[in-house]
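Report on the structure given below.
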Amino acid sequence: MKQFKDRRSRARWLAATTAVLTLATLPLLATPAHADTVRSLSWHLDSLRILRAQQITKGAGVTVAIVDGGVQANNRDLVGQVVPGKGFASDVPGDGRVDPDKDLSHGTAMASLIAGRGGGDQRMLGIAPQAKVMPAAVGTAKATMAEAIRWAADQRIGVINISMEPTTTVFDPGLDDALTHALQRDVVVVASAGNQGGDLGQIARHPGVVSVAAVDRKGKLWEGTARGHQLALSAPGVDMIMSVNTGNGYGVGSGTSAAAAITSGVVALIRSRFPDLDATNVINRLVRTATDQGEKGRDGFYGFGLIDPVRALTAEVPAVDVNPLGATAPLPSESAGAAATGEDADEGSGLGINVNADPGGLLLYGLGCLAVVAAIVALVVWSNRRRRRRLAAYGPGGPVPPGRMPPGGFPGGPPGAAPPGPYAGGLHGAPPPGQWGAPTAPGQVGAPPPGQWGGPTAPGQAGAPPPGQWGGPTAPGQAGALPPGQWGAPTAPGQAGAPPPGQWGAPPPGHRGPMAPPSHGSVPGHAPQPPYPPQPPAYGPPPQSAFGSPPPQPAYGSPPRGGGDGNPPPPVQSTGQGPMSPQADGDAGAGSGAQPAEQRQPPPMGDR
């Protein structure tokens, strides 16, 4: 009996313990186990205060074009969010609303970050849930990105998101032109910086494009982000949850593609909140309200800083006229484009030129051209008349203008003849009077003043230099003749003023020398002399002339008192000019009568 009671007590104890444990675990069984939800993994919503921003606007009225492989329109987070776009590849439909990427669903993931509808913790909530997305699908080849960008810009949308890079790093001029085309049409272009960790790609560094780097939960730059001074902003992009078309419908990844998509969503909020802002001021509002990261100001890692949607929607930001990310070429006028592409365009040249003609302006321009031509003609006519008046003022027999030939030619020559030399007087271009080569004939127009080089030197002529100066008269017995024995004085043997034998210029005995005057008395002041006999040979005594031997001359001393013609010479005047003076040697002695062995002749007189 006792054993039975023990069994019953043990059974009661076990039942009581089981009941206590069951009651203790009921709350745990009623509450499901904690698991990561889509909402909990969307850490960027809390970091950027997106719920606060969505209280201001949710992006209604704005369409975001997504240049990507394609967007799956029937994704549960995107139902009703995808408007028809255009496909630019063979693996996507014509409207682009199918995502051919079966592995990553890249285009669909970007669309969910921008405009996911939300609807609970297990649904994807985008930055601008009331905005629409338009696919510009390039498929998996990415070969038609430039064409897709250009088409999207022409759809009058607010934002173009480019979260992909070209397949090649070679610069593509067509892609560059497409980006410029979009910026010219008041479209904000947002692009990912790149995931290779090197320099920014072609799209990200294009002036005016909002290139975005990726940061983690703590605001630290993701290591795979490309860098460059053209970087504009930074945004969350690490461990991001996104909608996909495989598995349970969600995936987590990192990269600058997600950062660009989030920034495009913020742009949609701004354009919805400020519909009158142009693209330049939307971008300015983005960069001016960003939270500075890294180095102060804009840098190559964070750009202007981390985006702040709430401040971008609420801050007072002054308007600007220039894109802070770089100037964009002005938009060509529509009329010029029509002229280039219309039916009446010049098919041969391919150029369309638009001329906005203003009749008043054209008239003024034409009158100005006529005034310039009339002024030139008047100047030419006035110059010709002035030249003619100057020539007429001289007249026949009048003074000759400087640089022209006299009407009768050069004096002493035939009519019209010019004087010799490269600077002949009377030729066109002759030097002015008084310069080297000017006319020097006495009394001629432009002759140098008397006493200067080239002036008149004829004895007794007006302006002749005084006797004894260079160029003065030197004929014996003529007024102003140089004293005998000086340079230029007569040196014929026996002639008045001849230097004594043995001095410079004296001839040897029996030799009258080449300096003797001619026998016809052509030299003024000299008596006629008979012709001289022929010159002696190189060797032997000179032949005797018909007049006999000349009287012996002393080697030193005064010259004989009689001239060769028997007439007494004029008195000798001493000038004391060195050894050429007759008294330079004094009375050194008279006597030996020896003649010098060698006699020198003075150098030619040259041109006086």
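Observations
- Amide H partners (placed H, <5 Å) of Arg227, local residues excluded: Gly198, Asp199, Leu200
- Positive-end ranking of Ala182, Val159, Ala146 along the dipole of the stretch 141-189, with charges on Cβ about the Cα centre, is headed by Val159.
- Solvent-accessible heavy-atom area per residue, rounded to whole Å², over the stretch 197-237 at 1.4 Å: 36
- Ranked by the mean number of other Cβ atoms within 10 Å per residue, highest first, peptides 107-118, 60-71, 168-179, 247-258 order as 107-118, 60-71, 247-258, 168-179.
- Farthest positive-ward along the stretch 66-127 dipole, Cα basis, beta-carbon charges - from His106, Gly119, Gly94: Gly119
- Protein-only accessible surface order, largest first, of Trp151, Trp382 at 1.4 Å: Trp382, Trp151
- DSSP beta bridge pairing in the stretch 56-151, given as percent antiparallel to the nearest 5: 10
- Of the solvent-accessible surface of the stretch 142-190, computed with a 1.4 Å probe over protein heavy atoms with every protein chain present, carbon and sulfur atoms account for 47 percent.
- When each of Lys58/Lys86; Lys86/Lys218; Lys58/Lys218; Lys132/Lys296; Lys86/Lys220; Lys58/Lys220 is checked by Cα-Cα distance, pairs over 32 Å: Lys86/Lys218; Lys132/Lys296; Lys86/Lys220
The values are calculated or read from the model by the stated rules, or taken from the named source; none is laboratory data. What you are looking at is a predicted structure, and each value in this text was computed from that prediction instead of being measured. Neighbour counts are summed over all protein chains in view; Cβ atoms, including those assigned to glycine, are modelled from backbone coordinates with ideal geometry. For accessibility, only protein heavy atoms count, side chains too; no ligands or nucleic acids. Shrake-Rupley method; radii C 1.70, N 1.55, O 1.52, S 1.80 Å.
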